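The values are calculated or read from the model by the stated rules, or taken from the named source; none is laboratory data. Predicted, not measured: the structure shown is a model, and the values here were computed from it. Here the Cβ positions follow ideal geometry from the backbone for every residue, glycine too, while neighbour counts run over all protein chains shown.
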Ligand SMILES: [Zn+2]
Ligand SMILES: [Zn+2]
């Protein structure tokens with residue numbers, strides 16, 4: 001960023017300090033991210049034969065075994081485990097996004113009648129006790145890739161897995177699929193290609209479908225089902241993975257209540273019926289097949305997922321096979337399990353070692369066909385695997401020492417420390433499992449039966465406690481690293497504050513010198529006090545999880561109150577002016593100088609006052625509508641609001657609103673262009689391209705279907721692509737050409753009353769004209785892009801935000817002395833932030849609009865859809881930064897026309913220093929204080945569900961601020977450079 005100081009600090013110093021401060025902030029932020037979200041320590045390698053023995057103390061990892069051929073390995077495992085494999089074939093059917101509630105009901109109640117009727121076959125299996133279903137609680141973040149990893153490895157990944165979800169890479173930890181592969185099983189995968197990315201070389205046969213075209217709900221599933229016949233005829237596989245994405249896509253488009261949902265459930269039920277019938281056909285004496293139907297996560301009422309609400313984490317695990325059948329069952333009991341429990345259960349059912357990092361516990365109801373001793377052995381194997389993991393996490397923990405000292409501990413007292421408690425529970429379990437250690441001779445059946453029950457309970461007590469401890473264990477955070485990262489950020493924040501206060505002081509002093517007659521009151525005004533207070537209020541609200549969840553109320557309150565204060569100030573100044581006729585006459589003379597675009601010089605004061613009031617009222621009314629558009633952030637989503645009632649309405653109404661918004665944006669842009677005095681052909685060209693882009697957006701709206709099952713049409717994709725091309729060409733053209741088309745001197749120039757030399761005034765007018773054109777073009781094209789990408793429901797809110805920004809700039813340009821410049825910039829930034837929430841964004845990852853990120857992309861690209869997703873989420877703040885370019889051009893006209901400031905660097909400084917520094921400062925305050933809050937809350941219950949997602953948003957907002965400031969700075973620097981170059985040429989020519 002470039003800047004320069006006319007008054008107190010020198011240009012280079014300001015620029016240097018700002019860049020240093022921003023760099024410090026980036027370094028601090030990266031250090032904090034590295035320290036706070038560590039990759040969880042995992043045991044390397046794969047479980048082998050050693051996992052069937054008691055681990056020895058001190059050695060965490062087992063020694064390397066010689067690699068055996070698959071057949072020998074399989075019989076070795078069978079021999080060591082003492083539990084015969086229950087099944088030979090596994091069909092793992094993943095229904096993406098299916099909430100367990102749809103199949104199993106909620107809190108012990110059966111699912112709704114509609115749901116039961118949608119899945120008749122599955123419900124008949126449950127009612128006939130041929131299937132066992134679990135509410136398998138998924139850990140946040142509830143997005144597909146981390147959940148698949150959890151299912152096959154039994155381990156919960158780090159929080160940052162969500163960031164890598166769009167860039168999946170091969171999974172290297174110990175897991176069920178690799179274990180099955182090692183004992184010679186052949187695996188076939190049909191469906192979501194995430195599996196192929198996780199296991200690139202594992203599958204015998206595969207047919208992946210991309211999960212990224214969210215609008216497609218039919219093709220994705222058809223591509224899986226079409227292989228079913230041939231797979232069941234071939235019979236050459238041992239594990240068949242079917243991953244159906246359609247239901248998740250139905251949710252993303254229409255939510256849980258979508259009209260497509262019952263139809264989709266029927267389709268899934270039909271697949272279950274087909275698979276089950278085919279599997280029963282396969283079964284002979286030696287060939288036994290297990291069908292497991294699972295979902296990776298649930299979905300919210302609106303069909304999104306990512307967070308940790310009950311609706312999102314309530315995933316399904318349904319086992320259908322001979323070992324789960326029983327004579328009695330109650331299928332709608334709230335059968336609770338964890339998603340990770342799937343890994344050890346399947347491992348033991350198929351005779352492979354449990355994956356090393358597993359924290360899941362075997363599910364008892366699935367082993368009904370085993371004898372009691374075999375069941376106990378499964379629990380023992382699970383415990384042995386936990387013991388290895390515990391020894392890796394707690395180096396001092398040793399079970400042998402435990403046994404030796406247990407009589408000293410006293411077996412009935414529950415010890416306090418974790419190690420001792422684990423020791424106590426485990427030795428209790430082993431003792432009741434192997435009573436022969438104590439009573440060598442007693443071998444009576446009746447004693448054994450009683451012992452079995454106590455042993456099972458003791459094992460589960462240990463397993464559940466250890467599992468919970470392992471999953472909740474706060475990972476060791478490098479505290480010094482975090483503290484030094486935060487101190488870097490504080491230093492950066494303080495230096496930004498220092499620069500801004502230095503500049504404000506310098507500015508007010510110079511103003512004091514020049515205009516002592518009207519700026520002599522150096523008090524704090526109400527609006528300035530309110531802003532400082534508001535920032536304090538915001539920072540203190542960050543400490544409360546409820547305020548973080550419902551942050552939109554804070555911003556709506558701050559924005560509307562600030563503009564209400566502006567309204568009061570405007571009315572007061574109007575009253576003051578009308579009271580004294582003399583003041584009005586003076587005002588007329590004084591205002592005679594500043595001709596801005598909205599106010600031609602001929603405006604009479606009463607009309608000017610009328611405009612001033614109107615603009616503020618427009619902002620306040622739009623703000624109120626915006627607030628009512630999306631109610632409730634995370635917890636109060638069910639609140640009635642305009643967006644929900646529109647979603648119920650006819651899709652034609654929504655389309656009409658979208659088209660009205662497009663037309664309004666085009667009209668607003670045309671009117672602003674008409675205000676530009678020298679009307680050149682180039683401007684007409686830009687207007688034409690904008691008009692054409694508007695037509696493209698209308699076409700796109702017309703063609704895209706809401707809530708239908710039709711796959712994305714190719715015509716809409718190409719319309720969006722044409723839009724991208726035309727918009728980027730015309731934006732580049734405007735940016736490059738506009739500093740060249742406006743004259744550096746003109747015949748209209750007259751010496752003005754404030755005494756500035758004509759030449760200076762003229763080239764400043766040229767700069768302002770060119771900044772005006774660039775700024776309004778940026779903003780108008782950005783609005784069209786957002787209308788193309790955002791959800792249809794957000795069209796009107798977008799228009800309202802655009803209207804608010806334009807009205808706000810108009811208001812500030814009508815009376816430049818009423819509010820201080822820094823107050824104006826902060827007010828604009830508040831508009832951008834409340835608009836961010838007005839577009840339905842929350843601090844929950846689930847509200848990110850995934851569907852829009854694929855508009856106009858014909859082949860899958862992580863980078864492109866990532867950028868689009870960022871643009872959709874930060875549409876409002878970025879619109880504000882683009883509007884800031886426009887604001888600079890309107891506000892500057894009188895500010896820089898004093899003769900002694902004809903140096904280019906000083907003009908540049910006046911133009912962009914405050915508009916760049918203030919957003920950076922405010923963002924830095926928010927970032928730094930929230931980082932401190934996160935460090936303090938690191939052991940809070942909500943740290944992963946509320947505070948960490950918000951931190952990702954804060955980081956993204958930092959990126960957004962830097963990008964916005966960069967655009968402002970580059971535009972201004974380029975425009976000034978071109979003008980200074982042209983000016984020098986002009987002077988050289990006139991001297992020669
Ligand atoms: Zn998913
Ligand atoms: Zn999804």
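Quick check on segment 295-313. Is at least one of its residues buried (at least 24 other Cβ atoms within 10 Å of the Cβ) and away from ligand 2 (no atom under 16 Å from the Cβ)?
Taking every residue of segment 295-313 in turn, none turns out to be buried (at least 24 other Cβ atoms within 10 Å of the Cβ) and away from ligand 2 (no atom under 16 Å from the Cβ).
Is it the case that segment 241-257 has a residue that's without any contact (Cβ under 8 Å) to a residue 60 or more places away in the chain and either closer than 22 Å to residue 350 by Cβ or more than 13 Å from ligand 2 (Cβ to nearest atom) (or both)?
yes
Yes/no per residue for (1) out of contact with any helix residue (DSSP H, G or I) (no Cβ under 6 Å at 6 or more places or on another chain); (2) not in a helix (DSSP H, G or I):
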{"residue": "621", "(1), (2)": "yes, no"}
{"residue": "628", "(1), (2)": "no, no"}
{"residue": "631", "(1), (2)": "yes, yes"}
{"residue": "640", "(1), (2)": "yes, yes"}
{"residue": "656", "(1), (2)": "yes, no"}
{"residue": "660", "(1), (2)": "yes, no"}
{"residue": "663", "(1), (2)": "yes, no"}
{"residue": "668", "(1), (2)": "yes, no"}
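Have a look at 954, 933, 965, 978 and point out the one that is surrounded by 16 or more Cβ atoms within 10 Å (Cβ to Cβ) and either more than 32 Å from the chain's Cα centre (by Cα) or at pLDDT below 85 (or both). Working first, answer last.
On the way: 954 fails: either more than 32 Å from the chain's Cα centre (by Cα) or at pLDDT below 85 (or both); 933 fails: either more than 32 Å from the chain's Cα centre (by Cα) or at pLDDT below 85 (or both); 965 fails: either more than 32 Å from the chain's Cα centre (by Cα) or at pLDDT below 85 (or both).
After applying the criteria, what remains is 978.
Kindly check whether there is at least one residue in segment 502-519 that is at pLDDT below 90 and within 30 Å of residue 839 (Cβ to Cβ). Working first, answer last.
At the first step, the residues of segment 502-519 found to be at pLDDT below 90 are 502-519.
Filter once more, keeping what is within 30 Å of residue 839 (Cβ to Cβ): none.
Checked segment 502-519: no residue is at pLDDT below 90 and within 30 Å of residue 839 (Cβ to Cβ).
If I go through segment 122-139 residue by residue, how many of them are within 16 Å of ligand 1 (Cβ to nearest atom) and either crowded, with 24+ Cβ neighbours inside 10 Å or not in a loop (DSSP other than H, G, I, E, B) (or both)?
Result for segment 122-139: 3.
Considering every residue within segment 365-379, establish whether at least one is part of a loop (DSSP other than H, G, I, E, B), under 25 Å from residue 465 (Cα atoms) and within 16 Å of ligand 2 (Cβ to nearest atom).
Looking for residues that are part of a loop (DSSP other than H, G, I, E, B), under 25 Å from residue 465 (Cα atoms) and within 16 Å of ligand 2 (Cβ to nearest atom), one finds none in segment 365-379, hence no.
Quick one: would you say residue 268 is in a helix (DSSP H, G or I), in contact with a strand residue (DSSP E or B) (Cβ under 8 Å, 6 or more places away or on another chain) and within 16 Å of ligand 2 (Cβ to nearest atom)?
Details: in a helix (DSSP H, G or I): yes; in contact with a strand residue (DSSP E or B) (Cβ under 8 Å, 6 or more places away or on another chain): yes; within 16 Å of ligand 2 (Cβ to nearest atom): yes.
The answer is yes for residue 268.
Of all residues in segment 216-257, which are in a loop (DSSP other than H, G, I, E, B) and within 16 Å of ligand 1 (Cβ to nearest atom)? Can you show your working first?
Taking segment 216-257 and keeping what is in a loop (DSSP other than H, G, I, E, B), we get 216-218, 226-227, 235-238, 245, 255-257.
Of everything in segment 216-257, those that are in a loop (DSSP other than H, G, I, E, B) and within 16 Å of ligand 1 (Cβ to nearest atom) turn out to be 216, 217, 245, 255, 256.
Given the options 360, 298, 351, 307, name the one that is under 24 Å from residue 78 (Cβ atoms) and either over 36 Å from the mean Cα position of the chain (by Cα) or within 16 Å of ligand 1 (Cβ to nearest atom) (or both). First the steps, then the outcome.
Working: 360 fails: either over 36 Å from the mean Cα position of the chain (by Cα) or within 16 Å of ligand 1 (Cβ to nearest atom) (or both); 298 fails: under 24 Å from residue 78 (Cβ atoms); 307 fails: under 24 Å from residue 78 (Cβ atoms).
Sole residue among the options that is under 24 Å from residue 78 (Cβ atoms) and either over 36 Å from the mean Cα position of the chain (by Cα) or within 16 Å of ligand 1 (Cβ to nearest atom) (or both): 351.
If you go through segment 888-897 one residue at a time, do you hit one that is at pLDDT 85 or above and either over 27 Å from residue 253 (Cα atoms) or in contact with a strand residue (DSSP E or B) (Cβ under 8 Å, 6 or more places away or on another chain) (or both)?
Yes, the conditions are met somewhere in segment 888-897.
Could you grab the pairs with beta carbons closer than 6 Å, sequence gap of 6+ or different chains, first residue in segment 193-214 and within 30 Å of residue 852 (Cβ to Cβ), second one outside any loop (DSSP other than H, G, I, E, B) and within 13 Å of ligand 1 (Cβ to nearest atom)?
Matching pairs, first to second residue: 194/144; 194/145; 209/220; 211/192; 214/249; 214/252.
If you go through segment 88-103 one residue at a time, how many are modelled with pLDDT under 90 and either within 15 Å of ligand 1 (Cβ to nearest atom) or surrounded by 20 or more Cβ atoms within 10 Å (Cβ to Cβ) (or both)?
Residues in segment 88-103 being modelled with pLDDT under 90 and either within 15 Å of ligand 1 (Cβ to nearest atom) or surrounded by 20 or more Cβ atoms within 10 Å (Cβ to Cβ) (or both): 1 in total.
Regarding residue 919, is this residue in contact with a helix residue (DSSP H, G or I) (Cβ under 6 Å, 6 or more places away or on another chain), at pLDDT 90 or above and buried (at least 18 other Cβ atoms within 10 Å of the Cβ)?
Working: in contact with a helix residue (DSSP H, G or I) (Cβ under 6 Å, 6 or more places away or on another chain): yes; at pLDDT 90 or above: yes; buried (at least 18 other Cβ atoms within 10 Å of the Cβ): yes.
Yes, satisfied.
Taking only segment 324-344 into account, find how many residues are assigned to a helix (DSSP H, G or I) and out of contact with any helix residue (DSSP H, G or I) (no Cβ under 6 Å at 6 or more places or on another chain). So that I can check it myself, show each step before the final result.
First pass over segment 324-344, keeping only residues assigned to a helix (DSSP H, G or I): 324, 339-344.
If we keep only those that are out of contact with any helix residue (DSSP H, G or I) (no Cβ under 6 Å at 6 or more places or on another chain) as well, we get 341.
Looking only at that region, the number is 1.
Considering only residues that are within 16 Å of ligand 1 (Cβ to nearest atom) and crowded, with 22+ Cβ neighbours inside 10 Å, which ones fall in segment 823-849?
Of everything in segment 823-849, those that are within 16 Å of ligand 1 (Cβ to nearest atom) and crowded, with 22+ Cβ neighbours inside 10 Å turn out to be 845, 846.
Quick one: how many residues across segment 289-310 are under 17 Å from residue 945 (Cα atoms) and modelled with pLDDT of 90 or more?
3
In this structure, is residue 291 in the same structural domain as residue 358 (by TED's automatic domain parsing), assigned to a helix (DSSP H, G or I) and either in contact with a strand residue (DSSP E or B) (Cβ under 6 Å, 6 or more places away or on another chain) or buried (at least 19 other Cβ atoms within 10 Å of the Cβ) (or both)?
no
For the condition within 16 Å of ligand 1 (Cβ to nearest atom), closer than 28 Å to residue 88 by Cβ and modelled with pLDDT of 90 or more, what is the one hit in 189, 119?
Sole residue among the options that is within 16 Å of ligand 1 (Cβ to nearest atom), closer than 28 Å to residue 88 by Cβ and modelled with pLDDT of 90 or more: 189.
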